[in-house]
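So the structure is just underneath, and the comments pick up after that.
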Amino acid sequence: MPIIMDQILTEYADQAFNTGRLGRNGVRLTPEQVYAEMLIELERRGDAMRFVDSRGEIAWKATPNLCQYLNDLELDAQDELEDV
């Protein structure tokens, strides 16, 4: 069963999977295992929340706090590029 996530969490999860894959020696986790672990941690921190989507399926989305944090990071990166 696929894990249903919004675009923000999907991008975050893909980066976590690709980064984790580079550092692992011999241990092979599926993307779903990495996504599940990531969602557990994000929920614990209050950065992701579960909801029931329009099809009645459980899905996850980023909280407003995570969205604001990511927007702040993007603005900081743009400011740094302008300073170069």
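Here is how the number arises for the chain: DSSP H runs of 4 or more residues each give -39500 (n - 2.57), the sum is divided by the residue count, and the result at 222 nm is -21000 deg cm²/dmol. Scoring 56-62, 69-75 by mean Cβ neighbours within 10 Å over their residues and listing the highest first yields 56-62, 69-75. Note on the chain: the alpha carbon radius of gyration divided by the globular reference 2.2 N^0.38 Å gives 1.27.
None of the figures in this text is laboratory data; all of them are computed from the coordinates on show. Keep in mind it's a predicted model, so treat the numbers as computed, not measured. All Cβ positions, even for glycine, are placed from backbone atoms using ideal geometry, and neighbour counts span all protein chains on display.
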